[in-house]
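Okay, structure first, notes after.
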């Protein structure tokens, strides 16, 4: 099997020639491993695409996840100044906004005009955006989408390596857009104070995401990750998940799957009380399944409960295992996850969430060796 065929077979719950391997990497980890400007990595679609290919080659992953898209072709035109301060590069945008680029972490975005706190009771449908022009990467960190070239980076990667490797896009859950639009604290309180207005906002962002997804699915990618990091037990209850997350992610999943593209949901932290609910969306698979102490998912329990409802992508602890463990500890941990995960079809070996910034390159390269050694023993 090619790596692309291997990932597809796993997502279809079909037999594979060996355990597929595909990890998500934090931006910090990618920048530590690459000799590349963090500014160009963030803004330039060609630098970003080439960086993803290089990292795939370094780690011999079966696929590539593309989290950032919509890079502007002439992005330099929007920058008025670049300076250095305490080893951080400071980029000033023409509109007065400022982006701080650390050496090995997510950028920090400072708006020239602070975001206004929005009262849920005063918001009307006409106040909401008419189209999506940004990705809410993190709290108050937007990545703006150029409407003239939304998916050039995806098309670039599909053209260069898409025949051999599985290329995955990413969109953000409507629930995340709600949190970003209202502010996290305000949004969570609004779920209690004005649930109907929250549902109006969620419906609106779902409609905008559907429009975006229809275009994304036509780029030739193999799967789309639905990033829903704040839908775990640390933020909302299972009942609130049913009410404020599941109906909207179900629409997203249906849109993706109707285009013959695989879907999977990414929720961080503790999701042991909602594994079945996540699959009620109709998704083809889930990640991260964070194990204790990062989360509360034991892989054996997840495998038995999920069965053949969909594929599992996970669930190596990037911090306690890959960052702090020695080779013996890593081998033991990974082999246990492979043994457990492969009891059912549809297991993709991956870190639970992103590879932490300072995980050694050698520790990630060890994953491929362990997979290959496991495969030889099974043949």
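The values are calculated or read from the model by the stated rules, or taken from the named source; none is laboratory data. Quick caveat: nothing in here was measured; it's all calculated off a predicted structure. For neighbour counting, all protein chains shown are included, and Cβ atoms are generated from backbone atoms with ideal geometry for every residue, glycine included.
Worth pointing out:
- Residues within region 136-178 that are at negative phi, in contact with a strand residue (DSSP E or B) (Cβ under 8 Å, 6 or more places away or on another chain) and surrounded by fewer than 22 Cβ atoms within 10 Å (Cβ to Cβ), tallied: 10
- Per the conditions (1) at pLDDT 90 or above; (2) part of a loop (DSSP other than H, G, I, E, B); (3) within 25 Å of residue 174 (Cα to Cα), the sole criterion not satisfied by residue 95 is (3).
- Every test in (1) more than 30 Å from residue 251 (Cβ to Cβ); (2) at pLDDT below 95; (3) surrounded by 20 or more Cβ atoms within 10 Å (Cβ to Cβ) is passed by residue 322 save one, and that test is (2).
Condition check ((1) out of contact with any strand residue (DSSP E or B) (no Cβ under 7 Å at 6 or more places or on another chain); (2) modelled with pLDDT of 95 or more; (3) under 29 Å from residue 7 (Cα atoms); (4) surrounded by 16 or more Cβ atoms within 10 Å (Cβ to Cβ)) across all residues:
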residue	(1), (2), (3), (4)
197	yes, yes, no, yes
221	no, yes, yes, yes
224	no, yes, yes, yes
238	yes, yes, no, no
243	yes, yes, no, yes
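- Among (1) outside the structural domain of residue 40 (by TED's automatic domain parsing); (2) touching a residue at least 40 places away in the same chain (Cβ under 8 Å) - the single one residue 157 does not satisfy: (1)
- Looking only at region 313-322, and only at residues there that are outside any strand (DSSP E or B) and either in contact with a helix residue (DSSP H, G or I) (Cβ under 8 Å, 6 or more places away or on another chain) or in contact (Cβ under 8 Å) with a residue 60 or more places away in the chain (or both), the one that is nearest to residue 269 (Cα to Cα): 317
- Condition check for residue 170: under 25 Å from residue 228 (Cβ atoms) and either touching a helix residue (DSSP H, G or I) at 6+ places or on another chain (Cβ under 7 Å) or in a strand (DSSP E or B) (or both): yes
- Out of 337, 331, 309, sole residue that is touching a helix residue (DSSP H, G or I) at 6+ places or on another chain (Cβ under 7 Å), surrounded by 22 or more Cβ atoms within 10 Å (Cβ to Cβ) and in contact (Cβ under 8 Å) with a residue 12 or more places away in the chain: 337
- Scan of region 346-379 for residues that are in contact with a strand residue (DSSP E or B) (Cβ under 7 Å, 6 or more places away or on another chain), farther than 27 Å from residue 35 by Cα and assigned to a helix (DSSP H, G or I), ordered by number: 371
- In summary, helices (runs of 4 or more DSSP H) completely within region 1-88 and bearing 1 or more residues that are more than 24 Å from residue 353 (Cα to Cα) and modelled with pLDDT of 95 or more occur at 38-43, 45-59.
- Conditions (1) within 25 Å of residue 129 (Cβ to Cβ); (2) surrounded by fewer than 17 Cβ atoms within 10 Å (Cβ to Cβ); (3) touching a helix residue (DSSP H, G or I) at 6+ places or on another chain (Cβ under 7 Å): number failed by residue 256: (2)
- Single unsatisfied condition, residue 187 versus (1) in contact with a helix residue (DSSP H, G or I) (Cβ under 7 Å, 6 or more places away or on another chain); (2) exposed (fewer than 15 other Cβ atoms within 10 Å of the Cβ); (3) over 28 Å from residue 65 (Cα atoms): (2)
- Matching residues in region 53-63 - criterion: being surrounded by fewer than 23 Cβ atoms within 10 Å (Cβ to Cβ) and touching a helix residue (DSSP H, G or I) at 6+ places or on another chain (Cβ under 9 Å): 53, 54, 55, 56, 58, 59, 60
Per-residue answers, yes or no, for (1) in contact with a strand residue (DSSP E or B) (Cβ under 7 Å, 6 or more places away or on another chain); (2) in the same structural domain as residue 165 (by TED's automatic domain parsing):
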position: 38; (1), (2): yes, yes
position: 45; (1), (2): no, yes
position: 51; (1), (2): no, yes
position: 65; (1), (2): yes, yes
position: 92; (1), (2): yes, no
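- Hits in region 203-217 (condition: surrounded by fewer than 20 Cβ atoms within 10 Å (Cβ to Cβ) and closer than 16 Å to residue 241 by Cα): 203
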